[in-house]
Every structure is written in structure tokens, then in C-alpha cells.
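Read through the structure below, which is laid out as C-alpha cells, and then see the notes.
The values are calculated or read from the model by the stated rules, or taken from the named source; none is laboratory data. Model, not experiment: these values are computed from the prediction. All Cβ positions, even for glycine, are placed from backbone atoms using ideal geometry, and neighbour counts span all protein chains on display. For the accessible areas, the whole protein counts, side chains as well, though only heavy atoms, and no ligand, DNA or RNA atoms are used. Shrake-Rupley method; radii C 1.70, N 1.55, O 1.52, S 1.80 Å.
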Amino acid sequence: MNISSFAKKLGLAIASLLFVVGSLFITASPASADTVTVKMGSDGGQLVFDPKVVTIKVGDTVKWVNNKAFPHNVVFDGHEELSHKKLAQKPKAELESTFNEAGEFSYYCSPHRGAGMAGKVVVQ
């Protein structure tokens, strides 16, 4: 085998290897955050968050949507950055919080806390 032939084969082998390795990076999809929806007030008008408990991953967002018997809000004691203390007054009004640390985060609706309107976000 002469040097020219060897160089061509080596060049082809390196190019093939780079193509394979490069295609791995192109097809790998980045992790994407999810959004989970919680209704504020059940379809039947009960003063509850539906679902009461949601489990998400770090970086995910919870979106609360006014459903029935509003106004509602979302208050996390000790986590002001997650709270939405202003009352959502309109039908289908939305409030969102993104959770950037693992843990369990309990919350409530301040006007309806006495009626038991409370929920929990579990972040894994």
C-alpha cells in the first residue's frame, strides 16, 4: 500500500468518525421544561385546587387557571417569589410560577383558606 492510498483511507475514516459523533449531538434533544395546569375551583364549583397535589421536575412551571367560584389567588408561606397574592378576578385568568429547586411547597387561596382551598407542589 502506498502513502497516498493510506492517507486517503485515513482521511475517509476520520471524516466518517466525525460525521457519526457530530450526528449524535444533532439528534440529542435538549431537556425541556413542562407546564402543569391546576384549576382554581372544581368544575362543580367546589372551593378546591384541582388537582390538589401535583408532582413536577425542577425547572417546570405550574399554571393555575380560574375555573369556578372566583376570585382566587395562590399564596406560598415563606416563598414570596412563588406567590400571587393579587386576586385573579376574571374567568380563565392565569397565574404561573416556575419551580427551580426540589422540595414540597404548600399553598392556599387566601379568601377561601378557611373553606380548605389548599394545594401542594412536589418538585423532584
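Residues checked against (1) under 16 Å from H112 (Cα atoms); (2) at pLDDT below 95; (3) in contact with a helix residue (DSSP H, G or I) (Cβ under 7 Å, 6 or more places away or on another chain):
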| position | (1), (2), (3) |
| --- | --- |
| D34 | no, no, no |
| S42 | yes, no, no |
| V54 | no, no, no |
| K68 | yes, yes, no |
| V74 | yes, no, no |
| H84 | yes, no, no |
| L95 | no, no, no |
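Of V53, V58, V121, all but one fail to be in contact with a Lys or Arg (Cβ under 9 Å, 6 or more places away or on another chain), among the aliphatic types (A, V, I, L, M) and surrounded by 12 or more Cβ atoms within 10 Å (Cβ to Cβ); the exception is V53. Applying the criterion of being part of a strand (DSSP E or B) and either open to solvent by 40 Å² or more (accessible area, probe 1.4 Å) or at pLDDT below 95 (or both) to the residues of region 103-117, the residue that is farthest from V38 (Cα to Cα) is E104.
Would region 63-79 turn up any residue that is open to solvent by less than 20 Å² (accessible area, probe 1.4 Å) and within 13 Å of the chain's Cα centre (by Cα)? Taking every residue of region 63-79 in turn, at least one turns out to be open to solvent by less than 20 Å² (accessible area, probe 1.4 Å) and within 13 Å of the chain's Cα centre (by Cα). Residue count for region 80-93, restricted to those that are open to solvent by 60 Å² or more (accessible area, probe 1.4 Å) and part of a strand (DSSP E or B): 3.
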